[in-house]
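These notes are about the structure you will find just below.
Quick note: the coordinates plus some simple rules give every number you see, no bench work behind them. Keep in mind that what you see is a predicted model, and the values were worked out from it rather than measured. Cβ placement follows ideal geometry from the backbone for every residue including glycine, while neighbour counts extend to all protein chains displayed.
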Amino acid sequence: MTFEKGQVLAEKTVQLTREHLVRYAGASGDFNPIHYRDDVAQRVGLPGVLAHGMLTMGIGSSILTDALGDAARLTSYVVRFTKPVVVPAEGTADVTYVATVGLVKDDGTARVDLTVTFGEDKVFGKAQALVTAA
């Protein structure tokens, strides 16, 4: 696979539910109640129950590696969190991921920029991955 600057490698909207948060808590061992209890989230000043940051980050890497066809091609992944994803008790929180080639190096590797949004908010201030061409 060769990359071109501006090329969109993947675009996907993920609908997160409270069930996803509970399942992730079990898998990760992160049972902080801000991720499943409205009363606790509100008591500490949050707008509601928040998705785990590492869950939103992990989804981004999964979307990218699915597009690449081989997880080994992802050599680096850095994220700076800026806005939380509030997951309602009923319904979904729709989070949109767009992976775009931002830079192609002489050796064919590429920097991929991930834009992750929840509503009008950017969830990640900076999200970049380095990927190999083959």
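What do you get when you divide the Cα radius of gyration of the chain by 2.2 N^0.38 Å, with N the number of residues?
Output field value: 1.13.
Residue-wise, which Karplus ³J(HN,Hα) couplings in Hz belong to segment 28-42, taking 6.51 cos²θ - 1.76 cosθ + 1.60, θ = phi - 60°, and x for glycine or proline?
Per-residue couplings from phi come out as 9, x, 8, 9, 4, x, 5, 9, 8, 10, 4, 4, 5, 4, 5 Hz.
Report the GluC sites (Glu not before Pro) located in segment 1-78 that are in a DSSP loop and have at most 11 other Cβ atoms inside 10 Å of their Cβ, or state none.
4
If you project the alpha carbons of segment 22-90 onto their three principal axes, what span does each projection cover, largest first, in Å?
Computed over segment 22-90, the largest-to-smallest principal extents equal 43, 24, 21 Å.
For the ranges 23-29, 99-105, 54-60, what's the packing order if you count other beta-carbon atoms within 10 Å of each residue, average per peptide, and put the highest first?
Going by the mean number of other Cβ atoms within 10 Å, highest first, we get 54-60, 99-105, 23-29.
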